[in-house]
Amino acid sequence: MRIRISISLVAIIMAFYLSACASPVPDGSGSESMGASVGEAGSTGGTLTIGLTQALDNFDPHWNQLMAYQNLVAQNVFDHLTIIGPDMTVRPGLAERWEISADGTEYTFYLRSGATFHNGRAVTAADVVFSFNRTIDQEATFASKMEPIETIEAVDDQTVKMVLKRPVAPWPEEVSLIAIVSEESSDDLEKAPVGSGPFTFVEWIPNDRIVLAKNPDYDLPDLPQLDQIVLKILPDMAVALTNLESGEVDVVFEVPAADAERFKGRDDIAFQTPPSSNSIFVIEIAPNRDERLQDVRVRRALFTCMDKDAIRQAVYFGEGDSQWSPLPQSSWAYTEGNGPGYDPDTAKALLAEAGYAEGLELTIETISGVAVMENMATIWQENLAECGVTLNINISDISTWLDAYVNRDYQLIANWANYRSDPHGIFDVMYGPHWKDENSFPREDMLDLMSSGASSADEAERKEIYAQIQQAVIEDMAPVITVQSQPLIALTKPSVKNWTMNAMNYIFFNEIYVEE
């Protein structure tokens, strides 16, 4: 078996979106504490230097959806109404609390007092209204997620009222997507962003570094702890890790498992991972593009002949979790799911029953330079050969891959998604487009279930609905099949303290400090 172990990380902007914040508040009160843990007296502060392998050139939070930007810059420079905590629950952000009407269509957000933009002006409800309207009017990155808004108004300087067209249970999670900006600085956001977050934007030298400094006027006491964050732009992961070992950087973010493996157990490098991961590797199928794939026995045979344990060990070095459920294991609605184990004999029997005893030939689409995709496909190719299936691996550039993806011009396509927390967002973004598409896997009943899950305010009822959807996806073996959760890995120097990250790779910079 030939497996390439140098894994390139690319930023993929496609039909799913990569976001930095989200998850549900069961009672909608938003009354949770915003406190952060603080290091020992006299130990806080310092400069945190992060090795970044993606060059950023657009700092407008309503347009740049790259995970690296949203996580490292947007969440530090800007406030959002809500945030997602380490335990993947919605917590207060700029909104210290919120109320929900009995019918679930009216949300009233109460802003914390004392928040000011980096230009010195107080943040008001009018700025929240402007930020949401700007996103909608400009049809910016997250505009589609704001479609439920009927009206949004500033009741007073500290109160925002949103009226929705229909109940949306995960709405406190959805609003976490929108950074709050001021109208007077909005024209300069792309190059010189001004927010009200814990860090100010100080300097950007293209292809060299981005510098953020502690906001001395931040209204939350004793936060942030760091004095400065420096994002050092480096050409690739190998160079970033060399910089880490030499002490030029303190942190390398989003390290592929293959590259991180050699750092396990070392005293001079800390191996950082969250308890679970919302980054899910998947295979998508467009059954209506190929008559053979319309037969569930064929689809089941293909995935019965996938050795997920081998993929986990060879591609992810034992990190992450193999699973069948389309939901990440951190989700409150996750159910285990009863998918098939690796069994070539059963797979061959299923193919024979479907009329393909002599086998068949299929193609999987992957992206050039994304070795995770090629490595996974190579293992599956060898598995399927045992079942009489020839799997061709088509490696193309991202624009060609994306064209095939959008037009459903494929049989099988490798993909991954960095999911937000609420189940509706996952099914709405990844599965809904397939269930609506006559060229893929139309299922009106699944769309109805998805709608019911989003509109119910009863979490127990929602959990039962999402259990039905999860089981249906596994039984159908379409349109999106989960392979496994991908490990989220950061490597840090021992001097970096209070490092915390959640299942969406969200890092809590307010709590971090560098020990001198």
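Output the residues belonging to segment 126-150 that are surrounded by 16 or more Cβ atoms within 10 Å (Cβ to Cβ) and farther than 15 Å from H80 by Cβ.
Matches in segment 126-150: I136, A143, P148, I149.
Do we find a residue being modelled with pLDDT of 95 or more and outside any loop (DSSP other than H, G, I, E, B) anywhere in segment 217-225? The answer is no; no qualifying residue exists.
On the stretch given as segment 66-116, residues that are under 15 Å from the mean Cα position of the chain (by Cα) and free of Cβ contacts under 8 Å to residues at least 60 places away in the same chain total 3.
Go over the candidates F271, F201, F253 one by one and state the one that is in contact (Cβ under 8 Å) with a residue 12 or more places away in the chain, farther than 23 Å from F59 by Cβ, in contact with a helix residue (DSSP H, G or I) (Cβ under 8 Å, 6 or more places away or on another chain) and of a type outside the set (K, R).
Details: F201 fails: farther than 23 Å from F59 by Cβ; F253 fails: farther than 23 Å from F59 by Cβ.
Exactly one residue qualifies, and that residue is F271.
Those residues that are of a type in the set (A, V, I, L, M) and surrounded by fewer than 23 Cβ atoms within 10 Å (Cβ to Cβ), I need them from segment 307-332; list them, please. Before the answer, list the steps.
Within segment 307-332, the subset of a type in the set (A, V, I, L, M) is 310-311, 314-315, 327.
If the condition is that a residue be of a type in the set (A, V, I, L, M) and surrounded by fewer than 23 Cβ atoms within 10 Å (Cβ to Cβ), then A310, A314 are the ones that fit.
In the set (1) outside any loop (DSSP other than H, G, I, E, B); (2) open to solvent by 20 Å² or more (accessible area, probe 1.4 Å); (3) over 13 Å from A478 (Cα atoms), N288 fails one condition alone, (3). All of E361, E382, E386 fail the test of being of a type in the set (D, E), at pLDDT 95 or above and in contact with a helix residue (DSSP H, G or I) (Cβ under 8 Å, 6 or more places away or on another chain), apart from E386.
All conditions in (1) out of contact with any helix residue (DSSP H, G or I) (no Cβ under 8 Å at 6 or more places or on another chain); (2) surrounded by 20 or more Cβ atoms within 10 Å (Cβ to Cβ) hold for G339, with the sole exception of (1). Evaluated against (1) within 28 Å of S277 (Cα to Cα); (2) part of a loop (DSSP other than H, G, I, E, B), I364 falls short on exactly one condition, (2).
Surrounded by fewer than 16 Cβ atoms within 10 Å (Cβ to Cβ) and of a type in the set (D, E, K, R), is that true of D222? The answer is yes for D222. Considering only residues in segment 208-225 that are touching a residue at least 60 places away in the same chain (Cβ under 8 Å) and within 25 Å of the chain's Cα centre (by Cα), the one that is farthest from N58 (Cα to Cα) turns out to be P224. Only one of the numbered conditions (1) modelled with pLDDT of 85 or more; (2) under 30 Å from I283 (Cβ atoms) is violated by N76, and that is (2). Of the candidates V168, V123, V175, V194, the single residue that is in contact (Cβ under 8 Å) with a residue 60 or more places away in the chain, crowded, with 19+ Cβ neighbours inside 10 Å and within 17 Å of V73 (Cβ to Cβ) is V194.
So, of the residues in segment 494-509 that are in contact with a helix residue (DSSP H, G or I) (Cβ under 7 Å, 6 or more places away or on another chain) and not in a strand (DSSP E or B), which turns out to be surrounded by the fewest Cβ atoms within 10 Å (Cβ to Cβ)?
First pass over segment 494-509, keeping only residues in contact with a helix residue (DSSP H, G or I) (Cβ under 7 Å, 6 or more places away or on another chain): 498, 500, 505-507, 509.
Narrowing further to those that are not in a strand (DSSP E or B): 498, 500, 505-506, 509.
Details: N498: 19, T500: 17, N505: 22, Y506: 25, F509: 24.
Among those residues, the one meeting the criterion is T500.
The values are calculated or read from the model by the stated rules, or taken from the named source; none is laboratory data. This is a predicted model, so every value here is computed, not measured. Heads up, the Cβs are rebuilt from the backbone with ideal geometry, glycines too, and the neighbour counts pull from every protein chain shown. Areas reflect the complete protein model, heavy atoms only, side chains present, ligands, DNA and RNA absent. Shrake-Rupley method; radii C 1.70, N 1.55, O 1.52, S 1.80 Å.
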